[in-house]
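The values are calculated or read from the model by the stated rules, or taken from the named source; none is laboratory data. Because the structure is predicted, anything quoted here is derived from the model rather than measured. Note that we place each Cβ from the backbone using ideal geometry, even for glycine, and neighbour counts take in every protein chain shown. Just the protein is used for accessible areas: all its heavy atoms, side chains included, with ligands, DNA and RNA removed. Shrake-Rupley method; radii C 1.70, N 1.55, O 1.52, S 1.80 Å.
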Amino acid sequence: MAGTVSVSKGVFAFKRPKHRSQRHAPRLSTLDHWGHGYQEEREENFKQLTHLSYTSCWNIASQILQELQDNIHSKVFQSLVTYIDSAGRRLTADITTTRDQTFGLTHALGNVPTACLVTGVNMPDRDATFQSLVGLLRSTSRRTSPPCRVKSAPRAAMYRMISQLIGGGGWAGLQDEEEEEEVVTGPKVKRKQCTMAVLAAWYQRTHPSSPRKAKKEPPGYTRSPTKTPCSPSKGNRSPTKRTHPSSSRKADKDTQANEGSPSKRIKSNIIASLPERSDKPPIVIILEDLESFPPRVLNDLVLICSQYRATVPVVLVFGVATTPDRVHHSLSHHASACLAMEVFRAQPSTHYLTSVIDKVLMSNELPFHLGGRPFKLLLDIFLYNDLSVENFTKGLKVCMMEHFMCHASSFLCCSPKHRQDMLGNVTGPQLDTVRKLPSFRAYVEAAPPQEQVPLLIDEDYTKKTILSLLAELDVWYARFCALVKVANALTSRLPGAPMGRQVREVLAVCLSRSLVDTEEYQEAVKGLRSMAREELVTVMQCVQDVLEEQLGGDEILCELLTEVILLSGRLSGLGQTTEAEDEKEAGGGGAAVTLKPSDRFHLREKLLDSAKNKGKKSNKYECLRSEVVQFFSDAFASHLQPPTTQTLHEVLFFHSSRAAKKMLVGLPRPALTTALANPHHYLQCDCCRLDEPSALVTTLPDISVAYKLHLECGRHINLFDWLQAFVAVVSQEDDEEGPVTSSRNVDQKLQARFVLAVSELQFLGFIKPTKRKTDHMVRLTWGGC
Amino acid sequence: MEGVCGREEQGRMLASLLGQEGSPMPCSLFLWGHSGTGKTLVARHVLRRLGIRISHVNCVEAFCPQVLYEAVLSQLRGSVPSATTDLPTPPTCDSLGEFVHHLDTVSRAGGQPRMAILLENCERLRDSAANIFPGLCRLQELTPGINITVIFMSTLPVEKFRISTGFMEPLVVFFPQYTKDELQEILQTLRPSTASQEFFKNYISLVLSVFYLATRDLAELMHQVQQHFEAYCEPVVRGEAEEEDVRPLWRNIEPHLKKALSTVYLREVSRTHFDKMQKLIETSVSEMLPSELRNINSLSSKTAIVELPLYSRYLLIAAHLASYNPARTDRRFFMKHHGKQRKTQASIKAKERCSSHLLGPKTFPLDRLMAIFHSIVEEDITPTASLFSQLATLLSLRLLIPSGGDDVLQNPKYKCVAPHDVVHSVCRTINFDLSRYTYSQA
Ligand SMILES: Nc1ncnc2c1ncn2[C@@H]1O[C@H](COP(=O)(O)OP(=O)(O)OP(=O)(O)O)[C@@H](O)[C@H]1O
Ligand SMILES: [Mg+2]
């Protein structure tokens, strides 16, 4: 960055040179930052290997995720697009056939068809959602004006909207995506002329009612939306502006990078299902983030659209995070009467998460797996903090990186067919990293003595063993996941759902502990033991379905399945026999009663008898029930052990939640207090090393000293005392040289340092001045957050 | 006046004010009355009949005078506006002086026709520029030789437009609200060609009898009339009733209308959608996918369900409590050992009971919010960055709003504006007993 000649201190803005040289410089890849864990030179090879495995793993994961992302909303989007299409057709029909008096013209009144897409509050995901919606709309309405996407832009909204629509500009060309400057590919739009009248005229011109002749198609259809500069809005009417160009731009690039086949898939789906489109396509205006749209602007927009409904067929799409009521909250009743709104609900993000967990975490397609604690961490972040799948996958990526970077043995964590090659490249000392793994050592110790030696010395033998062990581990994990689903099917309908209703909850438990030992499971067993027969039958049916689905050629699962089928067969058989007996009994009892209607004693005896019989029968059922429960408990006990019990689990499973937590969970206040109480933690300098955390050393930074001193005070801090204490601590070093300054007469320099430190603390929010007492500061409870 | 009913008086008045060809027109006219009382309809009708050239601009759109001027000019000129540079653009016009000049050329080019400028929603002119409304009021004075008049239309009376100096009162025409009979007559014009006069008339009077008390807004009534006609016709179509049988038809339509009464003005469900929902409900529930089921449930149930992360829910509740509880009672609600209540509290409470919910939410500082939050969340949680970003999320959802405060950086203040039913439904999802902590009900 160039310097300035200014003598004043301040922040100066430098315009970036037009052509950045970076474009031609080789791009840095993750490899360049890879492997802070490998200091030694000979481990360079490892660096390559783990990085290779990492990239292949992440590619697999991101591919699955992209597919999910594109499919998760496909249903809503499909109905949304159909709605837009039909609304558009109705609108244009209105326009061309001048308002006839047939009925069903809600539209004759100036209602603007509006789709209200309820997206849920997960902010980070929303961008991606709308991205795919825009892509979908553009592809389905190929011959139309592009849908335009307005992001909570205020008064400039009109300008943006119209310039996007007409110009086709604002949609930057792909090759120019690096350019920050606006690249308008279509005709230029003058800012002053952005009115609806202009838009109407444009629409008339580009879509004449007569059969279209060659229409000028705005070139450069790409998916990067809204790059219009938000020029300063003038006039006192302009409300505050809230745009986030940088973030959206970044997201664009990301999605552009990995946009590909999946999105095309939905497109073609919908194209196939749509009837041919009219010549006069509607103009779709998407307002994401309706809540943060200034109500006044929204009001005006709706009124204007409704006014011009006769000439410009506008379909509005509102992205609403909370509830559709919000639309009415922010519109005047006059404006909301101009809308014909329909509500669409996007899949809730919990649903999305479930499929992510199912497809990514609980499958062997991705060789990398999460251990119990990291999984719990990611889940907690999701449920407690943001409900954002995007953040969840980012967390997953962080875990993956951490795993590959910090565990040398993780190079083996790749798809099974590559393992052989991976092992082939490995030298003896490197193989030792695997041999040193605790679970492998345990395995060696448990092996028969004649195998122990080759396992430690013979390279080829070890490699072979490792391969077979890993293959076993894969099979085990598939079984594990299947049984987790079985456990969920078994317990999710119990009253109170002691183990949770979702697969993820069961998974979280099973990954960290042995299921049968947990309290939750004991609860669930209690519940199962008091289940009625009909319920148990349906539950068994569920279990059977799950097992059949998850079978995948696993022998043990096959065995379990046959057992389950047998058990449920016996259950229903029991039902039939009891019913038959019931009928017989009822018939007999009825006969007895009718025979001697007056004999109460006999009747009573009969009833008692039948009650006893019933007890016996239900005993039969109870036996079977406990047999079932026992069966499942045995199965779980043998197969649902946490992954840490398996040999070589360190290779495929990531367990260190601490590392992940450090990166995923920001703790501003603890970070601040750590920095102040123990500067060595961040500075890593010798001078600040403390033996105990509360120690006070002269060499600490001033603010740190002031902070520690203030901790010793009560709620009110006397500034003078504080200063004295500060001087005493800081000037200890000078003790030997100069005479001790008298308590009244403090060194000016020290005082200045003290004042600086105090004002810094005040800025950080630990203290504030008070008017109650002169020369006092008040400590704040929630400082620094 | 064909096509316009019940506005003969206003029509006559307008026509006489504007006069015949050759006579001078009034400087400016001011039409006011509720929305949907036919101002635009009558004005355009009369102007067209008198052969006056019209330019019709909605002031909502004209956010600055220039837009207004140029729109008026282009309409009077009869040219098509264009935004693109490849066509010659009309000269810009951004002051009243230029506007007058251009009007002159337009008028001369057209052979001095009579012209009128219709300004819809003219109350918006007041915010766009200071002199534009009085300037337009006396436009004729500025344009000698041009036969032009300005017609303002607004829902506000003219008193709201007066300014102290240089204001020339326009001629005012008031459009009163329609009576029930007039409404009946106007709605009658919606009759589709397939329905007979009598049949439709009965239908209109049924609809009016239900909705007249709730709304007299013509647009809304028209909407309702169109919305329910199909359902009304159903028994006839199915052959269960004759067109004259008012009673069975009424019995059939009454529940529909009563239901619709609760959603007057809420155009949440368009008719096609309404039908779709009905159909979905009719098809057996078992065939439906769970997501569809949920859709219906959430559509039909009135309670507002907001899906929020767990801590956000607690934050929202804490904000609600902080907004509606007086700060001095926090000790009582949120401390484990708050000591005994003094007896006098009851009397104080009685005095304040009504006030706290009626007065609306109060502002609270961030500190207090966090303190309440930590005390209502049972377990210990560290204040992470994501916790604060959730606060930001709530703000962007407008469930909380920032409310001033002298120190935005160190001690920002907020207010909880989430509707009560949202907060209550959030409480229900996490089994939180709100009333235990709420002051006015404690
Ligand atoms: N007397 C009437 N006869 C027939 N239709 C009418 C009559 N009055 C109003 N309408 C109908 O109501 C619609 C709205 O009327 P109009 O636009 O004239 O109201 P307005 O007074 O201009 O309302 P706003 O203040 O909202 O502009 C018209 O399009 C017309 O269909
Ligand atoms: Mg009007």
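Do we find a residue being more than 16 Å from ligand 2 (Cβ to nearest atom), within 14 Å of chain A (Cβ to nearest Cβ) and open to solvent by 40 Å² or more (accessible area, probe 1.4 Å) anywhere in region B:181-192? So far as region B:181-192 goes, yes, one or more of its residues are more than 16 Å from ligand 2 (Cβ to nearest atom), within 14 Å of chain A (Cβ to nearest Cβ) and open to solvent by 40 Å² or more (accessible area, probe 1.4 Å). Please enumerate the residues belonging to region B:206-218 that are within 14 Å of another protein chain (Cβ to nearest Cβ) and either open to solvent by 40 Å² or more (accessible area, probe 1.4 Å) or charged (D, E, K, R) (or both). Within region B:206-218, B:214, B:216, B:217 meet the criteria. Being open to solvent by 30 Å² or more (accessible area, probe 1.4 Å) and within 8 Å of ligand 1 (Cβ to nearest atom) is the filter here; which residues of region B:1-43 pass it? Within region B:1-43, B:3, B:34, B:35, B:36, B:40, B:41 meet the criteria. Regarding residue A:367, is this residue more than 12 Å from chain B (Cβ to nearest Cβ), open to solvent by less than 10 Å² (accessible area, probe 1.4 Å) and not in a helix (DSSP H, G or I)? Criteria met by residue A:367.
Restricting attention to helices (runs of 4 or more DSSP H) lying wholly within region B:94-169, give those where 2 or more residues are more than 16 Å from ligand 2 (Cβ to nearest atom) and open to solvent by 50 Å² or more (accessible area, probe 1.4 Å). Where helices (runs of 4 or more DSSP H) fall fully within region B:94-169 and carry at least 2 residues being more than 16 Å from ligand 2 (Cβ to nearest atom) and open to solvent by 50 Å² or more (accessible area, probe 1.4 Å), they are B:96-109, B:125-128, B:139-142.
A residue that is basic (Lys, Arg), open to solvent by 70 Å² or more (accessible area, probe 1.4 Å) and part of a helix (DSSP H, G or I) occurs somewhere in region A:512-532. Among the residues of region A:378-387, are any more than 10 Å from chain B (Cβ to nearest Cβ) and closer than 30 Å to residue A:51 by Cβ? Yes, the conditions are met somewhere in region A:378-387. Being more than 15 Å from ligand 2 (Cβ to nearest atom) and within 18 Å of residue B:114 (Cα to Cα) is the filter; apply it to region B:49-67 and report the residue that is surrounded by the fewest Cβ atoms within 10 Å (Cβ to Cβ). Here the answer is B:51. Here residue B:175 meets each of (1) within 30 Å of residue B:22 (Cβ to Cβ); (2) more than 16 Å from ligand 2 (Cβ to nearest atom) with one exception, condition (2). Please verify whether region A:318-337 includes one or more residues that are free of Cβ contacts under 8 Å to residues at least 12 places away in the same chain and away from chain B (no Cβ under 14 Å). There is no residue in region A:318-337 that is free of Cβ contacts under 8 Å to residues at least 12 places away in the same chain and away from chain B (no Cβ under 14 Å).
Exactly one residue among A:504, A:435, A:479, A:441 is among the charged types (D, E, K, R) and open to solvent by 40 Å² or more (accessible area, probe 1.4 Å), and that residue is A:441. Just one of the numbered conditions (1) part of a helix (DSSP H, G or I); (2) touching a helix residue (DSSP H, G or I) at 6+ places or on another chain (Cβ under 7 Å); (3) at pLDDT 70 or above is not true of residue A:647: (1). Considering only residues in region B:63-81 that are more than 8 Å from chain A (Cβ to nearest Cβ) and among the small types (Gly, Ala, Ser), the one that is nearest to residue B:110 (Cα to Cα) turns out to be B:78.
Taking the conditions (1) of a type outside the set (S, T, N, Q); (2) over 24 Å from the mean Cα position of the chain (by Cα); (3) part of a helix (DSSP H, G or I) in turn, residue B:42 satisfies each one other than (2). Within region B:23-36, being more than 9 Å from ligand 2 (Cβ to nearest atom) and within 29 Å of the chain's Cα centre (by Cα) holds for B:28, B:29, B:30, B:32, B:33, B:34. Report yes if some residue within region B:79-88 is within 16 Å of ligand 2 (Cβ to nearest atom), of a type in the set (Ser, Thr, Tyr) and either assigned to a loop (DSSP other than H, G, I, E, B) or modelled with pLDDT of 90 or more (or both); otherwise report no. Checked region B:79-88: no residue is within 16 Å of ligand 2 (Cβ to nearest atom), of a type in the set (Ser, Thr, Tyr) and either assigned to a loop (DSSP other than H, G, I, E, B) or modelled with pLDDT of 90 or more (or both). Given the criterion more than 13 Å from ligand 1 (Cβ to nearest atom) and assigned by TED's automatic domain parsing to the domain that holds residue B:255, identify the matching residue among B:187, B:213, B:218. Within the list B:187, B:213, B:218, the selection yields B:213.
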